[in-house]
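Before any comments, here is the structure.
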Amino acid sequence: MKKILYVASECTPFFKSGGLADVIGSLPQYLNNTKKCEVRVILPLYKQLKEQYREQLQEVMIYDTEVGWRRQYTGIYEMDHEGVHYYFVDNEYYFNRESLYGYIDDGERFIYFSNAVIEFIYRGDFKPDVLHGHDWQAAAAVAICNIKKPVEGIKTVFTIHNILYQGWLMHSAFEELFNLDRIHFAGFEWGGMLNLMKAGIFHADKITTVSPTYAEEIKTDYYGEGLQWMLNLRNPDVLGIVNGIDVDDYNPMKDTHLPVNFKTSIPKKRENKKALQQEMGLPVDAHIPMFSIITRMVEQKGLHLVMAILEEFVQQNVQVVVLGNGLYEFESFFNYLANKYPDKVHVTIGFDEGFSRRIYAASDFFVMPSLFEPCGLSQLIALQYKAVPIARETGGLKDTVIPFDIYNGVGTGLTFANYNAHELLDKLNEAVRIYQDPDHYKALIKNISKVNNSWAKSADRYLDIY
Ligand code: ADP
């Protein structure tokens, strides 16, 4: 049985800032359940680990990790959780901080992490056949693994969850933070700087990304964020595999965060809407269509389109519920609208897992007009909770939301092609019309009820690669 080590910077239920955490928190479990491989996961031991998990940690070993000319303390801890064995890399200087990311030395933090992981493979009992790194934070581990081969014959897979975030450092960091022969500089260099994502793509045996459409998009100038040439160079080894979700966890029948559990029953779903309206101080009326946005508030998520048309849209009898945080530009826009239309718009600036699930369950439509979207998990979660996605046809959104056609009754959401605010507004207005037409609305919900976005479809593709 193949042994696989996942190297990643976040993972539910321990640490989450976005969809990467959902993937790392569910795919290994699914793969292990197939009994066709054994996946273990190694993560940084951030301050954010909750006490209930922290008290389960067992110390494995302590050593120094070389970071250029320095030596940094490394503690390795382990824990089993729901069929997966986790390792945590402890170093308080790097990981005992208020947030997971957003620090001036993020590059150094994750190069340290990568160096520590390779050292762990040398020293530990778990000798993986494959090191599978995720996103730029683990890209250096992929590169170093390919160069140093801590286990004879070890192979590497690198998954791009978002090519926008690449891990740029001054080129002097090569001497300062790595312990590699100068000959390897070229694999890390791009544009006069070090680019960790480039190094991951350069070195990995296989490169995957999280949807077939995104795999094609990132080979183009528009979506490649400057690395399109690298992906074209590695084209035969680049694969797009669409993400799944843990359908047992995101299950409206069992979700303990919901006031009323439901499967496909619209009346029961609407009980959740009424409860949320009450909780948020909106007019309580199950028949008002509710639109939701749950997101990191960054340009990627298409919020400029939302800004351009939302005030016009809320002139009719609708409600809009927003949960997220990020750029001030977007936070302040949503706050402005919530203050101006307190009976229609409710905004919560923050990150709250339980609240997000109550919103998915309560809302009739989920708005996701992304500028680009590698896969997107939010629309998959929305489908689970029978909130109809309204999405732009890009990346994984294109692969997972089938446009609803009122004439032949096929489809699972409302979609539009161009990055254009009025195309979004058209779809929002169409959503209101569909909602008010019981036949169309029921047909749409029926289609959504048949969707299965578990890992079943994609797990075999990963097994093939391993
Ligand atoms: P990305 O990884 O680009 O942020 P995805 O759609 O792939 O986008 O995944 C986002 C994940 O984070 C989903 O599980 C979504 O529900 C969750 N999420 C995003 N913002 C919030 C928030 N403010 N509070 C709670 N969960 C959030």
### Task
Would you work out what percent of the accessible area of segment 60-189, with all protein chains in place, is carbon or sulfur (probe 1.4 Å)?
50 percent
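Around residue 56, under 11 Å between beta carbons, what's the net of Lys plus Arg minus Asp minus Glu among the other residues?
Values: positive: 50, 54; negative: 51, 55, 78, 80.
It works out to a net charge of -2.
Restricting to DSSP loop positions (anything but H, G, I, E, B) with no more than 10 other Cβ atoms inside 10 Å of their own Cβ, which chymotrypsin sites (Phe, Trp or Tyr not before Pro) remain in segment 1-69? Walk me through the numbers on the way to the answer.
Numbers: sites: 6, 14, 15, 30, 46, 53, 63, 69; in loops: 14, 46, 69.
Loop-located and lightly packed - 69.
State in Å² the accessible area per residue of the chain; use a 1.4 Å probe, count heavy atoms of protein chains only, and round to the nearest integer. Each step should come with its number before you reach the end.
Working: 18480 Å² over 466 residues.
It amounts to 40 Å² per residue over the chain.
Cα gyration tensor of segment 415-455, axes a ≥ b ≥ c as square roots of the eigenvalues: rounded (a/c below 1.5), prolate (a/b > b/c) or oblate?
Details: a/c = 4.38, a/b = 1.29, b/c = 3.39.
Oblate.
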### Simple spin-label estimate for residue 274 and residue 304 in nanometres, 7 Å along Cα-Cβ
4.3 nm
### Rounded percent of accessible protein surface that carbon and sulfur make up, segment 247-333, 1.4 Å probe
51 percent
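Once you sort the root eigenvalues of the Cα gyration tensor of segment 60-175 as a ≥ b ≥ c, which label holds: rounded (a/c under 1.5), prolate (a/b larger than b/c) or oblate (the other case)?
Verdict is rounded for segment 60-175.
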### Message
Given R₀ = 56 Å, what would the calculated FRET efficiency be for residue 464 paired with residue 429, taking r from the Cβ atoms and rounding to 0.05?
### Response
0.80
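Could you pull out the trypsin sites (Lys or Arg not before Pro) across segment 412-466 that fall in loop regions by DSSP (anything but H, G, I, E, B) with no more than 16 other Cβ atoms inside 10 Å?
Details: sites: 427, 433, 442, 446, 450, 457, 461; in loops: 450.
Listed in order of number, the matching sites are 450.
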### Message
For Cα pairs less than 8 Å apart in space and 6+ apart in sequence, what is the mean separation divided by the residue count of segment 1-145, i.e. the relative contact order in percent?
### Response
28 percent
### Summary
With the dipole of segment 282-366 defined by +1 on each Lys or Arg Cβ and -1 on each Asp or Glu Cβ, the option from 290, 309, 328 whose Cα lies farthest towards the positive pole is 290
### Query
Accessible area, 1.4 Å probe, largest first: how do 346, 422, 203, 304 sort?
422, 304, 346, 203
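Mind scanning 35/148; 2/398; 36/457; 254/442; 36/206 and naming the pairs with a C-alpha gap bigger than 26 Å?
Working: 35/148 29 Å; 2/398 33 Å; 36/457 15 Å; 254/442 23 Å; 36/206 19 Å.
From 35/148; 2/398; 36/457; 254/442; 36/206, over 26 Å: 35/148; 2/398.
If you stretched the chain out fully between residue 69 and residue 35, how much longer would it get, using 0.36 nm times the residue separation minus the C-alpha to C-alpha distance? Mind showing how you got there, number by number?
Working: separation 34, 0.36 × 34 = 12.24 nm, distance 4.24 nm.
Gain on extension, residue 69 to residue 35, equals 8.0 nm.
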### Query
Extension gain residue 311-residue 165, at 0.36 nm per residue separation less the Cα-Cα distance, in nm?
49.4 nm
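The values are calculated or read from the model by the stated rules, or taken from the named source; none is laboratory data. Since we're looking at a predicted model, the values are computed, not measured. No Cβ is skipped: glycine too gets one built from the backbone with ideal geometry, and neighbour counts run over all protein chains shown. Surface areas here come from the heavy atoms of the whole protein model, side chains and all, with no ligands, DNA or RNA. Shrake-Rupley method; radii C 1.70, N 1.55, O 1.52, S 1.80 Å.
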